[in-house]
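Here the structure is laid out as structure tokens; the discussion comes afterwards.
The values are calculated or read from the model by the stated rules, or taken from the named source; none is laboratory data. None of the values given here were measured: they were computed from a predicted structure. With ideal geometry, Cβ positions are generated from the backbone for all residues, glycine too; neighbour counts draw on all protein chains shown. These accessible areas exclude ligands, DNA and RNA; they are computed on the full protein's heavy atoms, side chains included. Shrake-Rupley method; radii C 1.70, N 1.55, O 1.52, S 1.80 Å.
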Amino acid sequence: MAGQQKLKQAKVLVIGAGGLGCPIMQYLVAAGVGHIGIADNDKVSLSNLHRQVIFGTEDIGLYKVDVVKQKMFSLNSDVNIRTWNERWTQEHCMQHFPDYDVVVDATDNFASRYLINDASVLLGKPLVFGAVSQFDGQVAVFNQLQANGSRSVNYRDLFPLPPANGEVLNCSEGGVLGVLPGTIGTMQATEVIKLITGLGKTLSNRLWNYNALTQEVFIMQLVSNPISHQHIPSSEEQFMAADYEWMCAVPQRGITEIDVLDWQQNFLDHLFVDIREPHELPRLDALCSSLGLEWMEIPLSSLENNLGCLTDRNVVFVCQAGMRSLMAADMLMKASPDSAVFSLKGGVRMLAEKKLI
Amino acid sequence: MIEVMFFGQLTDATGVSSVMVEEVGNTDMLIQMMKQRYPALESSTYMIAINNAMVTENSIVTPGSKVAFMPPFSGG
């Protein structure tokens, strides 16, 4: 069968209609993929527009999947599109994965990523994985049927368990270069088309890592990890009983978060520590000197070596969005249990929102 | 010498994207050395590759090798 005919008959399920999902959809529809499912429970917001370029200001407040569907029809009216404006769950996997040839992970959180990976292994579906960090992106093809009848490695072979929450920043925490998900989503679309048509060599058993700052590509050969199978549900019952939200949940650790108003009223006598990296803007010099604060800049990367100067001090940590400052507070509380340690909720972004900077 | 490369958010923990180090026998020793040098790595998740090949257990690091520390990314 010719490649174009294979594309027309193919059924692809894309989970996530954000930074990755938008370019994936555009290129799959333009390429003539006949049947596409798209799932996302989010509505379009202003903060999406710099990286989810399919959406315009007139779409704000609408479900992303509804906007995507309408725009895809204007690109190719022959495409058959099914949408879900719900958060993707175990039930969705069991019910709908069997209807599709290829699954694409375009989500933005670990709970969804581990859920989709495990379901792909359980139900035998090839999975095109893509993810971004601030300036880096990863793409791989997991669980592809190989010539010897076995399946290629999956996400659990790389990372058997999700990282502790707070450790890895998501896009709204760490910020992401707007064009980067476009680059990574386009690579994912490329892999989907190769899987369907049989063209070329997919990223099966390989992890493709791209850095936008250096334009360097690093490809890693992957191998199966003997402990990964212990963590993948082996039956539908086990899969349905697993709690993915909990497995990837934020541990609270008893750190006190204070909001900006509370900080202004009650905490200006505490040492104020900005743990962002030097390249993160805006800096807080002007604010701190106008308030007459005692303050320091200690990037999280060197905090551990500088904990000594914070011992027995009362400290409020601040970062860009209030996530890394929780980690910093946790580090200081462990090292200096007698310190009064706080994390500024919402971080510098909230200071800006309250027009303090 | 051995070149150690850090990816993604690990560069926030280390402050560098790569560093040259003296020879070490194996990956466990290298990880220990890196944690001492960059304590924030202690609470980080990553996988290890030697010369672009992932390893799942303690492995010999021969002189001249490039060792990658690759973290998971969640963003989309």
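Structure summary
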item	result
Unit Cα scatterers, Debye sum, region A:3-247: log10 I(q)/I(0) for q = 0.07, 0.15 Å⁻¹	-0.21, -1.06
Portion, in percent, of the accessible area of the protein assembly as shown that falls on carbon or sulfur, probe 1.4 Å	51 percent
Spherically averaged projected area in nm², based on the convex hull that wraps the Cα atoms of the protein assembly as shown	22.2 nm²
DSSP bridge orientation in the protein assembly as shown - percent antiparallel, rounded to nearest 5	45 percent
Per-bin percent of Cα-Cα distances, region A:232-357 [5 Å]	2, 10, 20, 21, 16, 9, 5, 5, 5, 3, 2, 1, 0
Simple Cβ-charge dipole of the protein assembly as shown, Lys/Arg +1 and Asp/Glu -1, about Cα centre, in debye nearest 20	1320 debye
Positive dipole terminus of chain A, leading residue within A:298, A:193, A:15 (C-beta point charges)	A:193
Calculated log₁₀ intensity ratio I(q)/I(0) where the Debye formula runs over C-alpha points of region B:2-70, q = 0.12, 0.21 Å⁻¹	-0.25, -0.82
Spatial separation of Cα centroids for region A:1-72 and chain B, in angstrom	36 Å
Distance (nanometres) between label positions extended 7 Å along Cα→Cβ at residue A:147 and residue B:19	4.3 nm
Contact order normalised by residue count of region A:172-293, Cα under 8 Å, 6+ apart, percent	10 percent
Solvent exposure ordering (accessible area, 1.4 Å, most first) of A:234, B:43	A:234, B:43
Inter-part distance where region A:82-124 and region A:141-155 are each reduced to a Cα centre, Å	17 Å
Within chain A, helix-based [θ] at 222 nm, where runs of 4 or more DSSP H residues each add -39,500 (n - 2.57), nearest 500	-10000 deg cm²/dmol
Per-residue SASA entry for residue A:281, accessible area with 1.4 Å probe, Å² rounded to 10	120 Å²
Sequence-separation-based contact order of chain A, relative, with Cα cut under 8 Å and 6+ spacing, percent	15 percent
Solvent-accessible surface (1.4 angstrom probe) belonging to residue A:309, in square angstrom, nearest 10	70 Å²
B/A buried area, accessible surface, summed, 1.4 Å probe, Å²	2900 Å²
Estimated vicinal HN-Hα couplings, Hz - region B:36-43 in sequence order (Karplus 6.51, -1.76, 1.60; Gly, Pro = x)	5, 6, 10, x, 5, 5, 3, 9
Estimated dipole of region B:2-70 in Debye, rounded to 20 [Cβ of Lys and Arg +1, of Asp and Glu -1, Cα centre]	100 debye
Average Cα contact separation per residue, region A:256-353, under 8 Å, 6 or more apart, as relative contact order %	35 percent
Cα centre as origin, Lys/Arg/Asp/Glu Cβ charges: region A:3-247 dipole, Debye	820 debye
